[in-house]
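Here the structure comes first, spelled out in structure tokens, and everything after it is commentary.
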Amino acid sequence: MNPNIVRSVCPYDCPDACGLLVEVEDGRAVRVAGDPDHPMTRGLLCPKMHHYERTVHSPRRLTTPLMRTGPKGEGRFEPVSWPEAIERICSCWKGLIASYGGECVLPYSYAGTMGLVQRNSGHPFFHKLGASRLERTICSPAKDAGWKAIMGDTPAMEPGEMEQSDLVILWGINASATSIHAMRDVQAARRRGARVWAIDTYRTPTCEAVDEAFIVRPGGDGALALGMMHVMVREGLADHDFIRDNVLGFEEFAEKVLPECAPERMSEACGLPAGVIERLAREFATAKAPFVRLGSGLSRYGNGAMTVRTIACLPAVSGAWQRPGGGVFPGTSTGGAFPLHRITREEFMERPTRLVSMNQLGHALTELDDPPVMSLYVYHSNPAAVTPDQNAVIRGLERNDLFTVVHERFLTDTARYADIVLPATSSLEQPDLYRCYGGYHSQRCSAAIPPVGEAKSNWEVFSLLAAGMGWDEPFFRQSADDLVEQLLDFDTSWRDRETTQRLRQGETVPLTPPSNSKGDWKTPSGKIEILNIREPEPLPCLLPTHAAGDGFPLRLQPATTPYALNSSFYEQDDLRERQVPMALRMHPLDAAERGLADGQRVIAYNSLGEVLFVLGVTEWVPAGTVVTEGVWWREFRPGERGVNALTSQRLTDGGRGSTLYDVAVEVRGA
Ligand SMILES: Nc1nc2c(c(=O)[nH]1)N[C@H]1C(S)=C(S)[C@@H](COP(=O)(O)OP(=O)(O)OC[C@H]3O[C@@H](n4cnc5c(=O)[nH]c(N)nc54)[C@H](O)[C@@H]3O)O[C@H]1N2
Ligand SMILES: Nc1nc2c(c(=O)[nH]1)N[C@H]1C(S)=C(S)[C@@H](COP(=O)(O)OP(=O)(O)OC[C@H]3O[C@@H](n4cnc5c(=O)[nH]c(N)nc54)[C@H](O)[C@@H]3O)O[C@H]1N2
Ligand code: SF4
Ligand SMILES: [Mo]
């Protein structure tokens, strides 16, 4: 390999954790390519990462610590030195903690980097500080809760089983944008003769690349799955031998729930005609090995956990689980592979401090008492843009008595409200250890280039803050590489000595889950628990969405775009220019009913806020649903607010997740 090429890993919140080959010249990354030897990447990168060097060396990068000189939100700052910034933060915290106690400090972080060390490196610091703890539940905890309700701790099947499937269903996943390597496997399956369906709420690019797409009402998939199982039972398509040996509670489900779920009755909630529900049921039940790749979109609803639980019943009723390639794949969980507690250090807390949901930051900053939140420390997250109920979040960030510190690569919407901004390194400037959640592999990497400007990594800043607080624990004096070593220096059944040695050398290695044989169901009863008496609803059933009760006629989908990842990548001009800023897509019937025309400015509103969009009239979205893609930065939006001024702080039915897709609005001309 060219000596100027360094192996690295894509740090973003994406299931694939791609291997990167980074070409370095004079301490700068000049080119980035997909690693051809990486089992998932196989040389293919998504459009976002083709020019990662343009993010790393963007002229927008923050290069020195900054102190606010103008009103909050305006974005006027002056440079200060690192020692001054650290001194300011620590003396301010000491004063606040003396008056209000440690819980008046709230950390806020999520997934700017997925590296195990940098992502989790604030935990030991804030535990020792006695700060409030953040419940990190913005993404898909309802999916986990729904899966667990029926499957317990059963690990996901091997994603590679898709190869043996004759019917692949991309359900609530926009794979051509969010999981391009899964999409490549889907195309290969299709070439081998498998049929492929997509089930989504509008015609995404994924829908164009499959045999058939089914467009459902937002939050309506539980109704679809119930209707399908009604048909399976009515038409004798349930596999009673499999059920007898593997499933708990099928009889109760078939007697008490399914009789009410005839397709004619489910049609309204799921948005598909009864005849289509019947056909889906028959084709699913008679396929040899239907493989459901389950996304996260459908879990961000008031009924999201129940939706996932209900879909997971399908292969239990049809018996598809028993055949290679058959079943539901929700993503992998490799939590057991590394001893993360060696970084997070729960024991540094003197007592368990209060938990604050990251989905309810607006409430925490404006209404929480005893103590109030007096200081917010944000790292690798952009809550002013990505967190639900943006108006409440911004009301909180505008408080003059709130001391806000933001550690960032860019002057994000959130950083504009900071008292102190600290410049963060990108992944190429810091070592870490990564694992993937769309499959089973892991890779360690070292820094490929020196820090840009005076940027420091998350861990380096927490080391400095610990010293600034006057703590002398040796723990905080370790390097990030020492912490990586702590994660590796521990035997687990997931990897043997040789694998760990290869990890140390920077190779991509496979991780072996302790058990993923179907039939070995890791539930209290040892069976797939359609009946679960530990749940508030012991049997899967139809639950309403939140939006259904909101009194606004249109359902809004704040969906993902192929050219950004949440609010990341807007710094790359060419990626941004491939999108229409703040486009709101609407069906021609809905536009005509409101007298609205393609290309005009419109306002979408509900009881939480108003947001300015540019209307796109298209049959790609069904009547009754409007769609906007991406989470736009303040400086590129036509209006003050982004889409999250319309999303609410309400939580999911299980897992306390965000309900970012469970939104009702009305739209008028601007
Ligand atoms: N390009 C790109 N890649 C990304 C991201 C990104 O923003 N852009 N985000 C990353 C992150 S953090 C995550 S969590 C993953 C998420 O990746 P996915 O699991 O794909 O989740 P989403 O894109 O949120 O939603 C998937 C699809 O579900 C659809 N959907 C919404 N509601 C429903 C419903 O009720 N029923 C059905 N059937 N479909 C529904 C949406 O329209 C969308 O097309 O992607 C990661 N990768
Ligand atoms: N409307 C709407 N809202 C959404 C979503 C949506 O699809 N639509 N998606 C939701 C989902 S699934 C998720 S997971 C969340 C994601 O929410 P976040 O985790 O906040 O994700 P990003 O918007 O990518 O912001 C990450 C920030 O971290 C910074 N960063 C990157 N690396 C580092 C680092 O090493 N150190 C530091 N200090 N900073 C770093 C980046 O510059 C970036 O500004 O958003 C949620 N919000
Ligand atoms: S965002 Fe995902 S697909 Fe794109 S390079 Fe990173 S890991 Fe690979
Ligand atoms: Mo996410």
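The values are calculated or read from the model by the stated rules, or taken from the named source; none is laboratory data. The shown structure was predicted, so the numbers you read here are calculated from the model rather than taken from an experiment. Cβ atoms come from the backbone with ideal geometry, glycine included; neighbour counts cover every protein chain shown. Remember, those area values only see protein heavy atoms, side chains included, never the ligands or the DNA or RNA. Shrake-Rupley method; radii C 1.70, N 1.55, O 1.52, S 1.80 Å.
Residues in the stretch 543-573 that are within 12 Å of ligand 1 (Cβ to nearest atom), within 13 Å of residue 662 (Cβ to Cβ) and in a loop (DSSP other than H, G, I, E, B): 545 alone.
Counting only residues that are in contact (Cβ under 8 Å) with a residue 60 or more places away in the chain and open to solvent by less than 70 Å² (accessible area, probe 1.4 Å), the stretch 479-506 holds 11 of them. Among the criteria (1) without any contact (Cβ under 8 Å) to a residue 24 or more places away in the chain; (2) buried (at least 18 other Cβ atoms within 10 Å of the Cβ), the one residue 191 does not fulfil is (2).
Within the stretch 610-634, restricting attention to residues that are out of contact with any helix residue (DSSP H, G or I) (no Cβ under 9 Å at 6 or more places or on another chain) and not small (Gly, Ala, Ser), the residue that is least open to solvent (accessible area, probe 1.4 Å) is 627.
From the list 554, 575, the one residue that fits, being aliphatic (A, V, I, L, M) and in contact with a strand residue (DSSP E or B) (Cβ under 8 Å, 6 or more places away or on another chain), is 554.
Restricting attention to the stretch 635-662, the residues that are open to solvent by 20 Å² or more (accessible area, probe 1.4 Å), farther than 23 Å from residue 602 by Cβ and touching a Pro at 6+ places or on another chain (Cβ under 6 Å) add up to 2. Of the numbered conditions (1) more than 16 Å from ligand 2 (Cβ to nearest atom); (2) open to solvent by less than 10 Å² (accessible area, probe 1.4 Å), residue 121 satisfies every one except a single condition; which is it? Evaluating residue 121 over (1) more than 16 Å from ligand 2 (Cβ to nearest atom); (2) open to solvent by less than 10 Å² (accessible area, probe 1.4 Å) leaves (1) as the failure. When we screen 585, 578 for residues that are more than 13 Å from ligand 2 (Cβ to nearest atom), open to solvent by 50 Å² or more (accessible area, probe 1.4 Å) and in a strand (DSSP E or B), the only hit is 585.
Counting residues in the stretch 244-254 that are surrounded by fewer than 21 Cβ atoms within 10 Å (Cβ to Cβ) and touching a Leu at 6+ places or on another chain (Cβ under 8 Å) gives one or more. Across the stretch 1-28, the qualifying residues are those that are more than 16 Å from ligand 2 (Cβ to nearest atom) and closer than 12 Å to residue 434 by Cβ, and the one among them that is surrounded by the most Cβ atoms within 10 Å (Cβ to Cβ) is 19. Determine, yes or no, whether residue 85 is aliphatic (A, V, I, L, M), surrounded by fewer than 19 Cβ atoms within 10 Å (Cβ to Cβ) and part of a helix (DSSP H, G or I). Judged against the criteria, residue 85 is not a match. None of 61, 31, 42, 54 is buried (at least 20 other Cβ atoms within 10 Å of the Cβ) and either of a type in the set (D, E, K, R) or touching a Ser or Thr at 6+ places or on another chain (Cβ under 7 Å) (or both) except 61. Is the stretch 35-55 home to any residue that is in a strand (DSSP E or B), among the β-branched types (Val, Ile, Thr) and either within 18 Å of residue 431 (Cα to Cα) or more than 16 Å from ligand 2 (Cβ to nearest atom) (or both)? Looking for residues that are in a strand (DSSP E or B), among the β-branched types (Val, Ile, Thr) and either within 18 Å of residue 431 (Cα to Cα) or more than 16 Å from ligand 2 (Cβ to nearest atom) (or both), one finds none in the stretch 35-55, hence no.
Of the set (1) open to solvent by less than 70 Å² (accessible area, probe 1.4 Å); (2) modelled with pLDDT of 95 or more, all apply to residue 542 but (1). The set of residues in the stretch 201-224 being touching a Pro at 6+ places or on another chain (Cβ under 8 Å) and of a type in the set (A, V, I, L, M) consists of 215 alone. Against the test of being more than 24 Å from the chain's Cα centre (by Cα), at positive phi and in contact (Cβ under 8 Å) with a residue 40 or more places away in the chain, the options 599, 595 yield a single qualifying residue, 595.
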